[in-house]
Amino acid sequence: MPEELPEQHPEPATQPQFARLPPGGPPATTAGVEDRPEAGPWGLPEAFPVVVFLLLLTGLSLGASARSVSHINVRAVLISQALLYLLVLLYIHFVVKLRRRLPFWAALGWRLLAPGRFLFAGLGLALFVQLLRLPSAKKLPIERLFENAEAAYLLAAFGILVAPLVEEILFRGFIFVAVERSWGVGHAVWISALLFGLVHVPQLIGGIPQMVAILGVGLVLGWVRAATRSLAASYFIHLGYNTTLFGMLFIATRGFRQWG
């Protein structure tokens, strides 16, 4: 008669790992939450200081435009604006990287999509605006900055190398994400475009058609940002737009040497 086999008991190793709890119950999942930065995109409260900065910058620029001076130190103007840009970029970096702990460029929506196509689209947008031949009642404030070749080269360098990237980070990056999160993509397109147009108003006082045109450019950039989900797309359109405008001015003035 064969011996009876001992009763087999399954090893507890087949149980899920999370079933093996240490003595004293499960660990507290909320411990230390107050000490950790919030996760996820930023909201309107964090975007508000950037909006205030833009309004202050617009107010200062309006005050400067209202003063009728015969000479404007373009170098000082650009250095001041670059320093202000740097301060607001440091704030944005603090919110995205340190407070929210997000990858900076990915959180802003930077996705590289056929940059050549969007550069060409920016060229076309600039040509379209120029073909409209928008009238102005008087000489625009921005025209006072182009007083000589040196000033024109400095403005062109700033307008091509600095302004498109910084402005896209501000308007279609940081502010766009905050507004879209709270109010939806339609509001994000319009609010970012309105702020974009507002900060350019001091350059265009006396030119209502030009103000409407820059609002239209902001709407195009916002629509592209929303449609492609890519900040890089709106940046390359902006870059192509500014480069084309300065290129046309360079040709029209024979290398920034002749001013009508």
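Some points to look at:
- Where the Cα pairs of the range 126-260 fall when distances are cut into 10 Å bins, in %: 12, 40, 34, 12, 2
- Note on the range 160-260: with charges restricted to the Cβ of Lys and Arg (+1) and Asp and Glu (-1), its dipole about the Cα centre is near 160 debye.
- Per-peptide average of other Cβ atoms within 10 Å, ordering 218-225, 201-208 highest first: 218-225, 201-208
- Residue separation of Leu89 and Ser182 scaled by 0.36 nm, minus their Cα-Cα distance, works out to 31.3 nm of gained length.
- Percentage, to the nearest whole number, of Cα pairs in the range 69-199 over 17 Å apart: 71
All of the numbers you see were taken from the coordinates with simple rules; none came from a lab. Source: prediction; values computed, not measured. Cβ: placed from backbone, ideal geometry, glycine included. Neighbour counts: every protein chain shown.
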